[in-house]
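The values are calculated or read from the model by the stated rules, or taken from the named source; none is laboratory data. Nothing here was measured: the structure is a model prediction, and the numbers come from that model. Here the Cβ positions follow ideal geometry from the backbone for every residue, glycine too, while neighbour counts run over all protein chains shown.
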Amino acid sequence: MWLELALVSAILLGVRRIYEKELTSLFGNFSLSFVTLVFGVVPLLVLLFFFPVPPDLFELSWRFWWPLIIIWVVLYPVQNYLLYRSLREGELSEVAPVAALLPVLNIIPSYLLIGEAPSGAGFVGIAAVVTGTYLLLVQPKGGGWFSFNRPVLYMVLTTLCTAIGSTLDKVSIQESTPVFYGFVNVLGASVVFLILTFVFGQQADLKRVREKIWLLITLGVVLGLGFIAGMAAFQQGPTSYVLAVRAGGFFLPVFWGLFLLREKISTRKVVSLTLFAVGVILLAL
């Protein structure tokens, strides 16, 4: 069942990335984080009435709370700031595939915190994904020099934060249920990003919510359902494998960027995307 849940999460995540790129032209990094998350709180709240919650909410252990605190205070702010800079400044077909690094970067925290390790095929997949990332990240220049693709670098760092956070998610979920954890996670993150929106002077952006109200409502539902599907998959399957399947969602924004946004196609990009696809399949299998 975890495979089906991870696939649903992958598709919904791909949809989010497409429309988040559109919204980066209207909102700042923290204000966009707030509005996308706060619209996901209501769908998650509704789901609480249909799915199990911990029997005693006031007796949740410290093992439930300490990963959440790290995610709220450290990982989410860094992750989303870099994510929206990457989407705003880069091409979807270049930055979205970096999601394939998720299971690779998750290996160490998963091994240290919950004792999960990849198979032999997984290591071949890792090599393919790392090579594909290198091709997108390092851009050749004349005279033997090279430069870094900054939006891709931002997405690599975003993915690192997500990989660490995914392992912490699994720690907390083991002490709770997917829907309840998803609700608490998103609610707490919304509060953190509301504070950061005012601290960094982006509160004027909130007036633009009316312009995109139906898109934000739709994204809220997509976020809620995708988050729950992902957390339920984590609860049932190995973290790295779930992340490998979820990373396959990058195909949707890549095709959107190439064929609808008319982003350029180069040999380097095609080879990189092929390596990402091979790596994700090997990691998932």
Looking at (1) surrounded by fewer than 18 Cβ atoms within 10 Å (Cβ to Cβ); (2) at pLDDT below 95; (3) assigned to a loop (DSSP other than H, G, I, E, B), find the lone condition where residue 176 falls short. (1)
Return the residue satisfying two criteria in turn: it lies in region 233-265 and is of a type in the set (Phe, Trp, Tyr), more than 20 Å from residue 128 (Cβ to Cβ) and crowded, with 18+ Cβ neighbours inside 10 Å, and of such residues it is modelled with the lowest pLDDT. 234
Please work out which one of (1) part of a helix (DSSP H, G or I); (2) in contact (Cβ under 8 Å) with a residue 24 or more places away in the chain; (3) over 18 Å from residue 176 (Cβ atoms) is the condition residue 64 fails and give its number. (3)
Within region 233-284, residues closer than 20 Å to residue 126 by Cβ and either of a type in the set (Ser, Thr, Tyr) or not in a helix (DSSP H, G or I) (or both) come out as 237, 238, 239, 240, 241, 272, 274
Taking the condition surrounded by fewer than 22 Cβ atoms within 10 Å (Cβ to Cβ) and either in contact with a Pro (Cβ under 9 Å, 6 or more places away or on another chain) or hydrophobic (A, V, I, L, M, F, W, C) (or both), does residue 268 pass? yes
Check region 36-56 and report whether any residue there is surrounded by fewer than 23 Cβ atoms within 10 Å (Cβ to Cβ) and small (Gly, Ala, Ser). no
How many residues are in a helix (DSSP H, G or I) and either buried (at least 19 other Cβ atoms within 10 Å of the Cβ) or touching a Leu at 6+ places or on another chain (Cβ under 6 Å) (or both) if we restrict to region 193-204? 4
